[in-house]
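Engineer: First the structure, which I've put down as structure tokens, then a few questions once you've had a look.
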Amino acid sequence: MSTQEAMDLADEADLDLVEVAPNADPPVCRIMDYGKFQYEQAKKEREDRKKQKTVEIKEIQLRPKTTDHHRSFKVRDARRWLEEGMKVKVRIRFRGREITYPEIALESLDDIAKELEDVGIIEQRPNMEGRTMLMVLAPAKQK
């Protein structure tokens, strides 16, 4: 029908004429209460946001000279966080001349990844960012 006829019908029904598909040939319009439509869309978006799961990222920081005992309780925390469904960022900071031996940090990160392979997977391989080496672990899929 013509645009004028559709507008007259919408006025009679005390509703709005809303263009639904402007790219169609001919353009498609619908007679509806636009305010109510906007309210329902906003309500649906709020519900969708509530259902979203936000992933929290925890971080453990170590140094190349960190002792095995200290590293073990840091790894224990990381294990707990991975089991709770959080991601874990493992950061090894270099100070002074330690940066000339990145293989020590790489070996340490590999050991941590091996210890946590039953509860987590490596999401980001170890890489250098300035004076730190960083690795990200994500929780393994629950069976």
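The values are calculated or read from the model by the stated rules, or taken from the named source; none is laboratory data. Note that the structure is predicted; figures quoted are calculated from it, not measured. Because the Cβ atoms are built from the backbone with ideal geometry, glycine has one as well, and the counts that use them run over all protein chains shown.
Engineer: Within the range 93-108, does at least one residue satisfy the condition of being surrounded by 10 or more Cβ atoms within 10 Å (Cβ to Cβ) and within 24 Å of the chain's Cα centre (by Cα)?
Structural biologist: Step one: of the range 93-108, the residues surrounded by 10 or more Cβ atoms within 10 Å (Cβ to Cβ) are 93-95, 98-99, 101-102, 104-108.
Still in the running and within 24 Å of the chain's Cα centre (by Cα): none.
Taking every residue of the range 93-108 in turn, none turns out to be surrounded by 10 or more Cβ atoms within 10 Å (Cβ to Cβ) and within 24 Å of the chain's Cα centre (by Cα).
Engineer: I'd like to check something: does the range 53-63 contain any residue that is modelled with pLDDT under 90, among the hydroxyl-bearing types (Ser, Thr, Tyr) and either surrounded by 13 or more Cβ atoms within 10 Å (Cβ to Cβ) or over 23 Å from GLY85 (Cβ atoms) (or both)?
Structural biologist: Taking every residue of the range 53-63 in turn, none turns out to be modelled with pLDDT under 90, among the hydroxyl-bearing types (Ser, Thr, Tyr) and either surrounded by 13 or more Cβ atoms within 10 Å (Cβ to Cβ) or over 23 Å from GLY85 (Cβ atoms) (or both).
Engineer: Looking at the range 16-120, what helices (runs of 4 or more DSSP H) fall wholly within it and have at least 1 residues that are closer than 25 Å to PRO139 by Cα and touching an Asp or Glu at 6+ places or on another chain (Cβ under 6 Å)?
Structural biologist: Values: elements: 34-51, 68-83, 102-115.
Passing ranges, in order: 68-83.
Engineer: How many of the residues in the range 115-132 are closer than 16 Å to ARG63 by Cβ and either among the charged types (D, E, K, R) or surrounded by 14 or more Cβ atoms within 10 Å (Cβ to Cβ) (or both)?
Structural biologist: Of all residues in the range 115-132, those closer than 16 Å to ARG63 by Cβ come to 126, 128-132.
Next, only the ones that are either among the charged types (D, E, K, R) or surrounded by 14 or more Cβ atoms within 10 Å (Cβ to Cβ) (or both) stay: 126, 128-129, 131-132.
Counting residues in the range 115-132 that are closer than 16 Å to ARG63 by Cβ and either among the charged types (D, E, K, R) or surrounded by 14 or more Cβ atoms within 10 Å (Cβ to Cβ) (or both) gives 5.
Engineer: Consider the range 90-103. How many of its residues are aliphatic (A, V, I, L, M) and at pLDDT below 90?
Structural biologist: If we filter the range 90-103 for residues that are aliphatic (A, V, I, L, M), which is where we start, we get 90, 92, 99.
If we keep only those that are at pLDDT below 90 too, we end up with 99.
Number of matching residues: 1.
Engineer: Could you please let me know if ILE112 is surrounded by 14 or more Cβ atoms within 10 Å (Cβ to Cβ) and more than 30 Å from MET1 (Cβ to Cβ)? Steps first, answer last, please.
Structural biologist: Details: surrounded by 14 or more Cβ atoms within 10 Å (Cβ to Cβ): yes; more than 30 Å from MET1 (Cβ to Cβ): yes.
Yes: the conditions hold for ILE112.
Engineer: Can I ask one more? Can you find a residue in the range 32-55 that is among the charged types (D, E, K, R), within 25 Å of GLU19 (Cβ to Cβ) and touching a strand residue (DSSP E or B) at 6+ places or on another chain (Cβ under 7 Å)? Reasoning before the result, please.
Structural biologist: Of all residues in the range 32-55, those among the charged types (D, E, K, R) come to 33, 36, 40, 43-51, 53.
Of the ones still in play, those that are also within 25 Å of GLU19 (Cβ to Cβ) are 33, 36, 40, 43-45, 48.
Going one step further and asking which of them are touching a strand residue (DSSP E or B) at 6+ places or on another chain (Cβ under 7 Å), we end up with 33.
Yes, the range 32-55 contains at least one residue that is among the charged types (D, E, K, R), within 25 Å of GLU19 (Cβ to Cβ) and touching a strand residue (DSSP E or B) at 6+ places or on another chain (Cβ under 7 Å).
Engineer: Another one. Go through the range 133-143 residue by residue and tally those that are surrounded by 14 or more Cβ atoms within 10 Å (Cβ to Cβ) and over 12 Å from LYS89 (Cα atoms). Even if it seems obvious, please write down each step before you answer.
Structural biologist: Just the residues of the range 133-143 that are surrounded by 14 or more Cβ atoms within 10 Å (Cβ to Cβ), to begin with: 133-140.
Of the ones still in play, those that are also over 12 Å from LYS89 (Cα atoms) are 140.
So the answer is 1.
Engineer: The conditions are (1) at positive phi; (2) in contact (Cβ under 8 Å) with a residue 40 or more places away in the chain, and VAL90 fails exactly one of them. Which is it?
Structural biologist: (1)
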